[in-house]
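The values are calculated or read from the model by the stated rules, or taken from the named source; none is laboratory data. For clarity, every value in this text was computed on a predicted model and none was experimentally measured. A quick note on method: Cβ atoms are made from the backbone with ideal geometry, for glycine too, and the neighbour counts reach across all protein chains shown.
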Amino acid sequence: MPACISRKPNGGDGSWRCACLRSTAWAVVDLRMEDTVEVYMDESAEIPCLYTFTEKPVMVMVQWFVREREGNRVRISYSDLTMQKVDEDTSYSDRISVQSNSDGETLTIQDVKLSDEREFFCQVSGLAAGNGEGRTLLKVFDPPEPPVIEGVLSGVSVSSDSPAKIASCETRDGFPKPNITWYRDHIPIHPANGLVNVVTLVTRESSGLYTVQSDLHYKVTKEDKDAYFSCEVSYFVPAAVRTSESKGVNITVHYPTSSVEIWKESPEGLVKEGDTVEIRCQGDGNPPAPIIFNREQSDVELDSYHGLLVLKEVSRADSDVYECHSLDLDAVNHDEVVDTLQLTVHYLDPAVVMPKDSEVMLKGESLTATCNALSSLETTTVWFKDGIEVVRGHIMQLQDATFDTAGQYDCAVTVPSLPGLSTSGSVHIIVQGAPQMKDAEREIELTEKVGGWLNLSCEVRGYPRPTITWSVTGSQGWREVVKRETEEQVHSVVMLKVTTDIVAICNSTNDFGIESKTYNIRSIPFSQTPTARKTSVDNSGVIIVVIIVSILLLAILGSVFYFLYKKGKLPCGRSGKQEIINAYSTKEKTSKDDIVVEMKAKKTEESVLLKGVNGEKKPLNDQNNIHSS
């Protein structure tokens, strides 16, 4: 069988070419294998071994080998024209399989482990047709866990002379070994002597995976107080490199106070007497340094709490320049850090009104009143009377005074630029003068029926308060029913009964004069209709009396006739008796009828009395008859 006298790579594509010397020509086998095959751990890996012969071989044998850790090679599979088998008692006996085709064979490894990262060899023998061998490096990958970053819990001082540890980053269970890169606000941090130092600790676990921990030592500055630090893990995967970034962490930077700021926290706007003022002072150091307050011209420390100065119920005496100081022992060169605030407390003094309290004027006089209040700001003054605005300005002119001028005048002084700052004052004006009746008329004409009642009113103004007296002639039945008095006004009402014409005079007097008002009242008699009605009623009573008297006379007349009859003076016959009876009946009937007729006709009292006494006139014959009887 010819021997293989040379073996060389087939152009750099990972395959190998083997040449064999024969008696007449060279036999060549073209074997192609990949230099590396990359696979994730726990997955399956396929390693192809492709070959061709320049001469058709009589038989082809293919063997697979793996390099052990010690360096020697161990066969794991064998195949020829008659058989194909996996070698027993190797670490791959139960995890590999080989598939053959017209182009070659493919070795498949199940459940790849980290220990499978080694060289695998494919050896092909075609006897006289040529022999060849190739190799592939199997590379295994396992991505690490995402990085975990932790910042230092304690603050880091900018005064430190060397870089201090500010954060640590860890990634676990990766293969091959991952790398860690640090970032500040997404900008890579590179080691720098005296400024940045990165300490990395790599641990190979029993599983063969790597755990990498990186500590960042960094010389912080004041600007780092707002910065965020993060770490990034880069790791290999089949045919690529991937990265995983941690969250950002902010570290506490300790730095001395370089400046302080003072401001008025409340109230907003201008300050007035009586307000509670809060002044705040804060330095830019970390941790904050203690703050003290004082007035500019005094070294006495004011009571404050955590940078807050509270001034309760301030007055104008609290107006001053206030200072705040930082007591930071770490300050550069221990220079004093101070800031100032000008506090102005505005005020408005009580209003001063001239004239004071009250002022007496005579009618027709003029008066100038002023209302002023001392203030640190511009003021506005308004005068009021009975709640109604009278004039604007601190001067009020009262011209040609009348009783209407009298009263209380209030002035209100306000500060437009500072609501709530106000004061007020008042003056009471008294106007003196003679009494003044409410009505312009001096004589008032009235008419009223006899028996009627009248109310007469008299209202007078004046100062001093007038006195009212009434003078009534023509009526005895009058009295005062209303009397109301104020400081400068009197109101009187009298009630009187009209019997005849009346004259009522209202007199008012005070120290300055007299004022009067006269009521002339003309009485009107009752009408005739009521009088006739009254007479009719009186006549009815008279008629009743006449009837009674007539009855009595008839009784007396009957007694006389009876007496005469007993003495025999009267005839006893029927005719005589009948005449007497007829005469009596006729007279009685006539009298009664006359009375009734007179009541209905409403005769006068004289006619009734005459008929009631004399009766109806009788003929002479009747009279003689009676006499003779």
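Taken over the stretch 359-382, the criterion of being touching a residue at least 40 places away in the same chain (Cβ under 8 Å), buried (at least 16 other Cβ atoms within 10 Å of the Cβ) and assigned to a loop (DSSP other than H, G, I, E, B) is satisfied by Lys363, Ala373, Ser376. For Pro435, the conditions (1) in contact with a Gly (Cβ under 6 Å, 6 or more places away or on another chain); (2) assigned to a loop (DSSP other than H, G, I, E, B) are fulfilled apart from (2). Based on what the data block shows, is Pro416 in a loop (DSSP other than H, G, I, E, B) and touching a residue at least 12 places away in the same chain (Cβ under 8 Å)? When the stated conditions are applied, Pro416 passes them.
Candidates in the stretch 52-107 are the residues that are among the polar types (S, T, N, Q) and touching a helix residue (DSSP H, G or I) at 6+ places or on another chain (Cβ under 9 Å); of these, the one that is farthest from Met33 (Cα to Cα) is Ser91. Output the residues belonging to the stretch 179-214 that are farther than 29 Å from Asp116 by Cβ, assigned to a loop (DSSP other than H, G, I, E, B) and either in the same structural domain as Glu38 (by TED's automatic domain parsing) or hydrophobic (A, V, I, L, M, F, W, C) (or both). Of everything in the stretch 179-214, just one residue is farther than 29 Å from Asp116 by Cβ, assigned to a loop (DSSP other than H, G, I, E, B) and either in the same structural domain as Glu38 (by TED's automatic domain parsing) or hydrophobic (A, V, I, L, M, F, W, C) (or both), namely Leu195.
For the stretch 309-319, the criterion of being over 38 Å from the mean Cα position of the chain (by Cα), among the β-branched types (Val, Ile, Thr) and in a loop (DSSP other than H, G, I, E, B) is met by none of the residues. For the stretch 169-178, a residue qualifies if it is crowded, with 17+ Cβ neighbours inside 10 Å and assigned to a strand (DSSP E or B), and the qualifying residues are Cys169, Glu170, Thr171, Arg172, Gly174, Phe175. Within the stretch 29-41, not a single residue is surrounded by 15 or more Cβ atoms within 10 Å (Cβ to Cβ), at pLDDT below 50, assigned by TED's automatic domain parsing to the domain that holds Leu114 and among the hydrophobic types (A, V, I, L, M, F, W, C). Listed by first and then second residue, the pairs with beta-carbon distance under 9 Å, at least 6 apart or on different chains, first residue in the stretch 218-242 and at positive phi, second surrounded by fewer than 18 Cβ atoms within 10 Å (Cβ to Cβ), are Ala239/Glu38.
Among the residues of the stretch 484-507, those that are part of a strand (DSSP E or B) and either outside the structural domain of Ser457 (by TED's automatic domain parsing) or closer than 19 Å to Asp404 by Cα (or both) comprise Arg484, Glu485, Gln489, Val490, His491. Set side by side, the residues Lys449, Lys356, Lys385 differ, and just one is touching a residue at least 40 places away in the same chain (Cβ under 8 Å), of a type in the set (Lys, Arg) and over 30 Å from Ser516 (Cβ atoms), which is Lys356. If I go through the stretch 105-120 residue by residue, how many of them are in a strand (DSSP E or B) and crowded, with 19+ Cβ neighbours inside 10 Å? The total comes to 4.
Within the option set Glu389, Glu336, Glu359, being assigned by TED's automatic domain parsing to the domain that holds Glu296 and either within 30 Å of Asp511 (Cα to Cα) or not β-branched (Val, Ile, Thr) (or both) holds for one residue only, Glu336.
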